[in-house]
Amino acid sequence: MILIFFAGLGLNGFEAISLVYVSEISADKFRNYSTVILNCSWAIAQILYSFVSLYLQNWRYVCTVFIGIPSLLLVFVCNKSLLETPRYFVSKNMYEEARVVLDKICLQNKRPRFQYRLEGEMQEGLDYHQKQNQQNLQVHNYNYLDLFRFPSLRKITLCMMLLWVFRYIIYYGQTFSLSSLGAEMHSNLTFTAMSEIVATLLSAPIKMKMKRVQSLFWFSLITGIACVSLFFLQMPSQCYFLGQTCVQKALITLFAILIRFGISIYGNILITFTSEKYPTVVRSIGYGLSITSGKIVTIFVPIIVVQILYYELNPLAFFGIIGIVVAILAKFMNESQGQEMKDQIQEMIENENALIELENIGGFSNKALKQNLLK
């Protein structure tokens, strides 16, 4: 159990960092496709697992083949092939390191060497106080409490937590309910995974054509309504036997595919939306807290599923109510598509600008007040 705990801890951290990395390393247009490629690999792995699990049913072998060996291989891949994102270096005012990475990217893509000035790069004309202020801004280490301390981040964080909770509770709630969806469990897993691949591929053009808030609203609403509809579809007991067919079984399977389709598009859009809402300096911890809040809720999903199945009801019907609430919440969120990704927290930028203005006026030398402005 201890080893499984650490395996889960590492995999969840790897998932969050992977989402942050592909979001930061990708330009605005390509970001819509990089996250799609990442999620496609997840869906393809599910199809492979559904076939392998027919022959390899020992959990020890499954953990070794699907978790242990790939994780060890990724250690070498990450060290040899991946570069730190230039956006991260720029957010820390480490411009020389950012230029080194950009030069390597240009060399790999057979482009001319990067010779432009980076956004926010210090100019020779900056005076001593301005340089010192930028250094103070650079060395500030943020933590999870800062996501609630700054007003500009507090609302974003609370909303993101709820949006990710809905994503995970539907996704894993359906996974734990596969045996109650009519068809044989491996068939359900294969059908829903294939639906996820199609949805993931379609999410790229959807993100290009639709606004983030608008798409989150519609696909959370579609998923929620599809889940609630299962409440009215009760399958006869004889249809649970292998080889038996009925209209209810076909409809439940169809709705299950629709649910996975909707939540997959919703999840892909949410990944991009989250990366665009958080500034670079807190993007990793923002992603981490949002994903963790969803994963914590999934701890209780199996218990909820078992309790609902005890009364011969479909668990997804109750989870769908959350989808309708999330759809309403999404309508009140600010759009992020087409806006420049921020590197610093808004309050920190405003305080730094106020400090520079006061210093330019002259006579501003109170160090304690300076530190309060930069906190």
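Every number here is computed from the coordinates shown, using simple stated rules; none is lab data. The model shown is predicted, which means the values in this text are computed figures rather than measured ones. Positions of Cβ are generated from backbone atoms using ideal geometry, with glycine treated the same way; all protein chains shown enter the neighbour counts.
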Using label points projected 7 Å from each Cα along Cα→Cβ, tell me how many nm separate Arg111 and Leu145, to one decimal.
4.1
Can you give the Rg and Dmax of the stretch 308-348 based on its C-alpha atoms, in angstrom?
18.4, 54
When the distances between all Cα atoms of the stretch 1-128 are binned every 10 Å from zero, what whole-number percent does each bin get?
10, 30, 29, 18, 10, 3, 1
Two-site FRET efficiency, Cys239 against Ile304, from Cβ-Cβ distance with R₀ of 35 Å, rounded to 0.05
0.90
Sites Phe30 and Glu312 - FRET efficiency at Förster radius 41 Å, r taken between beta-carbons, to 0.05:
0.30
Give, in nm to one decimal, the length gained when the segment between Glu350 and Val325 is fully stretched (0.36 nm per residue of separation minus the Cα-Cα distance).
5.6 nm
Leu251 to Leu3: extension gain in nm, 0.36 nm per residue of separation minus the Cα-Cα distance?
85.2 nm
Determine, for each peptide in 186-199, 303-316, 59-72, 98-111, the mean count of other beta carbons within 10 angstrom over its residues, then list the peptides with the highest first.
186-199, 303-316, 98-111, 59-72
